[in-house]
Structure formats: C-alpha cells, structure tokens
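A short write-up of the structure that comes next.
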Amino acid sequence: MPIANITTKLPHAEPMEPADPNSLFAMAVASVNDACGTIQAPDFVKAILSQPKNELMVHFPVMMDDGHYRLFKGYRIQHNNILGPYKGGIRYHADVSLDDVKALSVWMTMKCAVMRLPFGGAKGGIKVDPHTLSSTELMRMTRRLTSALGGNIGPEIDIPAPDVGTNAQIMDWMMDTYLNTHQEGRQQGMLQVVTGKSVGCGGSEGREKATGQGLCYVLLELLPEFRLKPAGLRLSILGFGNVGSNTAQALAVHGAKLIAVMDHTCALRNIHGLPIPELQQHVQQTGGLAGFTAAGIEVIDREAFYRTEVDVFIPAALERMVDAPVAQWLNARVVAEGGNGPVTPAGAAILRQRGIALLPAILCNAGGVTVSYLEWVQNKAGVHWELNRVDRELQKTIVLAARRVRLAAHQYETDLSTAAFCVAVEHVARAYKQRGIFP
Ligand code: NAD
C-alpha cells in the first residue's frame, strides 16, 4: 500500500534540523528527507528520523603500557529501534566525531530496513588511532569502553559489530567484558551481545568477507541494468581493507579484473589485472599497499588513479572522498559505494550530470550487517552453520533487496540511490503507522 494512503489523520510534526548543515549527519538526513518527500511519508516519520533516539558520550581512563593514564572519548549513537534492537559498528579512528557517528547510525537504520532485517540503527566509536596503541592497550581500552556503555548495549538492546579500525579480536574482548559484567548474560551464554566475533568465540563463518561478498552479489544482480557482465569487468577500488579487498576477491571469482587500487599509502595500476591474494598478504604484513612490486605494476598518483578507465569504481575507504573534482575525474560507468557515505552531494550531482550510475551504500555494503544478523540468529539458537549455508542466506537476502530497490526506482521514476532510501523509509513508516506512537 502506498505510504500516502496510510497517513490520514496523523498530526503534523516538524523535523529537527542538523546543527551543522555541512556535516556528514546533515548529508545522511538529507537523503532520508528526499526519500520521505518522494514516497510522501508522514511528517512525524520524517521528524523522528531527523535525530537519533539516544546519544551516549563516555570518557574513561585507560592505563598505558608505560604506567601513565590516558583519557579516551567514546560514542554510542542509537538512531532508531522501531524494527528491532539497535545494531551497528564500533569505529576506532583519529577522526571519529559526534556528527559522523550520528550519520553512520542513520545509515544503519536505513540499511537494516532495506534488507528487511529485524534491527534498528546505531554506531559507535572512539576517537583514537588504533595503530598507535599496543595490543594490551587496545584490549584495556576496549574493555573500559564496554564497561562504560554498561546496560546501554545488550543482546536484545544494542548489538555492536566491527567497523573501520576494529576487528574480530576487538569484538571478542567486548563480548567477554559484557559477559563478565552482566550476570544474566553470563548465565544464559548470550554470545550474541556482539557480532563479527572470531569463529572460535561464536562468530559466523563468512562474516569476515561478508561485506565484499554482499557487494559482489549486488553487482551480479544489477550489472545487466548497465549492459555489463562480470566476466572481464574492469574495477578500480579505493581502500583495500576489509571491504575493498574482499570485494575484489569475490568479483575475481566471476572473472572481474582489478585494474587500479589506492589506499592511504599509495595507488597501483596494471591494466591486465592486479594480483589480489598477493596484495592482501602484503597489506596484512605491512599495513598498506606501499612497497608492493610485481611485473607490470605501475605506481600512480591520486589523480591518475581516479582517471583510470574502468567499468565499475568502488569507493571502500572513508566518507566524503568522492567530491566534485574527483567525480569530474572518474572514468567509470558505475560507482558502487562499498564504504559508507563516500560520495558528497556535490560529487553525486556531477555523477548524475555525467551519466554515471551510483549504487548506494545502504544496499551495496549491507552484506556485513546481514551476516551479523545470521551470527546473532546462530548464537541465539546455539547452532553453527557451514559457510555454504551462510553464503546462500546472504545471497538470497541481498539479491531480494537489490530487486526491491530496482523496482522502487521504476515505481518512483527515480535513481537507484534515492530508490534504496525510499524502500527503507517505507518499511520504517509502515511499522510506525501500525504500532502508533507511545503513549
Ligand atoms: P578498513 O579499516 O579495513 O579499511 C579501510 C581502507 O581505507 C584501508 O585500505 C585504508 O588504507 C583506506 N584509507 C583510509 N584513509 C584513506 C585515504 N585517505 N585515502 C585512501 N585510502 C584510505 O575498513 P573497512 O572495514 O574496509 O571499512 C571501509 C568502509 O566500509 C567504511 O566506510 C566502513 O564504515 C564501511 N563498512 C564496513 C563494513 C565491514 O564489514 N567492515 C560493513 C559495512 C560498511
């Protein structure tokens, strides 16, 4: 049923504008507002989604290895939980800020809704460069963050997961700390308080590669829209961490070639294709692409990287890296957002003008949260699925979501990016209409 038909007799409500109109948070809310306009969502839904439900900021001291104490600032933003417990990653990065975490929490609400997962949206993080900490310092900081968050997280309340700068080891420490500080969690073995754990600690098979694998499934489904095929598909990828490297690997299985790649250390190109496993191994050993050498590989500068002619460009690093100048340089048919919010509004406008299709992050990188959901389900049921089963479930869920988005683009005569937000907001709005607003 169109949303417009279920809005009768609902009161008017004003959204609360983001304090900084140039922030990442304002950018995230603008996408939600556009979708609300397109589907004629009720005012009150737009108002509710315009701010997170809860914003938690914590400060806590951690003892460094040399014996001195350092104070850290942590965030957990819970945007919306109408569809289920809050869900979202924990980021450790020097640039973590309140507005950015708020934006990422909005996108989590939208992502879970597009995928029809029974989760809401949240995000958290610590403003720290994790590479400057030893392993024991990282562990103490993670345990202090978890204890500072206290009962604000929980297996049916808010379920953290990895993001930039965090991994399965950090999730294992979070889970262990939670269980040690919550008696009922410990008694009932609630491993599902955190997802993205190592397999030995209750993690799911396939979680590590899930975001890249999911992006591969989305592209296999949508490439025919652009008259492209996976065999021989030329790719360039910005960021060669979890998302970038696993996407390259998953698409290579279908015959795609990674032509160019750039991370924070350098950019590399080989028009005949770069060796993905060797690059992954080098990054694991050294922390970046710099220093990798092999026959036929050229080191190129940033502009040459973006100007490289490819079929699909995948930004899988940090936010706002594809701005207006970069969008002018790109020489691709499709931009598939592997990272969150990589394309600025000005960048998106230029891509539109230049006829370059943009596939949105809330669909493209939803494989991670989908397998997190599968991990949560396995933990709750006390079972462990084989990789094939996890991949099958992921494929089914994300392909259905891609079809939903394609259909909405036709229905609302809009682009795939706006369509994805329409699909998400429709789902959230329907839940609000059916449940009503307390009291
Ligand atoms: P990661 O830390 O594993 O990798 C980040 C990559 O970005 C690294 O290769 C790094 O070198 C690169 N990078 C950082 N700064 C750069 C710069 N200035 N120029 C070029 N490259 C730079 O992180 P990740 O988990 O792969 O996450 C990447 C993006 O995907 C983030 O936006 C994250 O929120 C999003 N995401 C991740 C997951 C997941 O499961 N890991 C799921 C959904 C979305």
Of the residues in region 284-298 that are hydrophobic (A, V, I, L, M, F, W, C) and more than 14 Å from the ligand (Cβ to nearest atom), the one that is modelled with the highest pLDDT is Ile297
Right, Pro118: under 17 Å from the mean Cα position of the chain (by Cα) and either part of a strand (DSSP E or B) or within 24 Å of Thr397 (Cα to Cα) (or both) or not?
-> yes
Please specify each residue of region 283-341 satisfying the condition of being touching a residue at least 12 places away in the same chain (Cβ under 8 Å) and β-branched (Val, Ile, Thr).
-> Val283, Ile297, Val299, Ile300, Thr308, Val310, Val312, Ile314, Val322, Val326, Val334, Val335
Unmet requirement for Ser204, which otherwise passes all of (1) open to solvent by less than 50 Å² (accessible area, probe 1.4 Å); (2) within 9 Å of the ligand (Cβ to nearest atom); (3) hydroxyl-bearing (Ser, Thr, Tyr) = (2)
Apart from one, (1) open to solvent by less than 10 Å² (accessible area, probe 1.4 Å); (2) assigned by TED's automatic domain parsing to the domain that holds Leu133 all hold for Leu215; the odd one out is (2)
Is there any pair with a first residue in region 250-275 that is over 21 Å from Glu208 (Cβ atoms) and a second that is of a type in the set (Asp, Glu) and assigned to a loop (DSSP other than H, G, I, E, B) whose Cβ atoms are under 8 Å apart and which are 6 or more apart or on different chains, and what are they?
-> Ala267/Asp301
Got a sec? Which helices (runs of 4 or more DSSP H) wholly within region 343-439 have at least 1 residues that are open to solvent by 60 Å² or more (accessible area, probe 1.4 Å) and free of Cβ contacts under 8 Å to residues at least 60 places away in the same chain?
-> 345-353, 367-381, 387-411, 416-435
Output the residues belonging to region 321-338 that are near the ligand (Cβ under 10 Å from one of its atoms) and open to solvent by 10 Å² or more (accessible area, probe 1.4 Å).
-> Met321, Glu337
Return yes when Gln281 is open to solvent by 30 Å² or more (accessible area, probe 1.4 Å), within 15 Å of the ligand (Cβ to nearest atom) and assigned by TED's automatic domain parsing to the domain that holds Thr247 and no when it is not.
-> yes
Of the conditions (1) in a loop (DSSP other than H, G, I, E, B); (2) open to solvent by 70 Å² or more (accessible area, probe 1.4 Å), the single one that Gly288 does not satisfy is (2)
Can you tell me which residues in region 42-70 are outside any strand (DSSP E or B) and either in contact (Cβ under 8 Å) with a residue 60 or more places away in the chain or in contact with a helix residue (DSSP H, G or I) (Cβ under 7 Å, 6 or more places away or on another chain) (or both)?
-> Pro42, Phe44, Val45, Lys46, Ile48, Leu49, Ser50, Pro52, Met64, Asp65
So which residues in region 312-342 are within 18 Å of the chain's Cα centre (by Cα) and either in a loop (DSSP other than H, G, I, E, B) or not assigned by TED's automatic domain parsing to the domain that holds Gly214 (or both), if there are any at all?
-> Ala316, Ala317, Leu318, Glu319, Arg320, Met321, Glu337, Gly338, Gly339, Asn340, Gly341, Pro342
Restrict the check to region 121-136 and report whether at least one residue is more than 16 Å from the ligand (Cβ to nearest atom), within 15 Å of Gly74 (Cα to Cα), outside the structural domain of Val312 (by TED's automatic domain parsing) and touching a Phe, Trp or Tyr at 6+ places or on another chain (Cβ under 8 Å).
-> no
Subset of region 251-276 [within 13 Å of the ligand (Cβ to nearest atom) and open to solvent by less than 10 Å² (accessible area, probe 1.4 Å)] | Ala260, Val261, Ala267, Leu268
Would you mind finding the one in Thr166, Thr146 that is among the polar types (S, T, N, Q) and either away from the ligand (no atom under 14 Å from the Cβ) or in a helix (DSSP H, G or I) (or both)?
-> Thr146
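The values are calculated or read from the model by the stated rules, or taken from the named source; none is laboratory data. All of these numbers come straight from a predicted model, not from anything done at the bench. Positions of Cβ are backbone-derived with ideal geometry, glycine not excepted, and every protein chain shown enters the neighbour counts. Just so you know, the surface numbers come from the protein's heavy atoms only, side chains and all, with ligands and any DNA or RNA stripped out. Shrake-Rupley method; radii C 1.70, N 1.55, O 1.52, S 1.80 Å.
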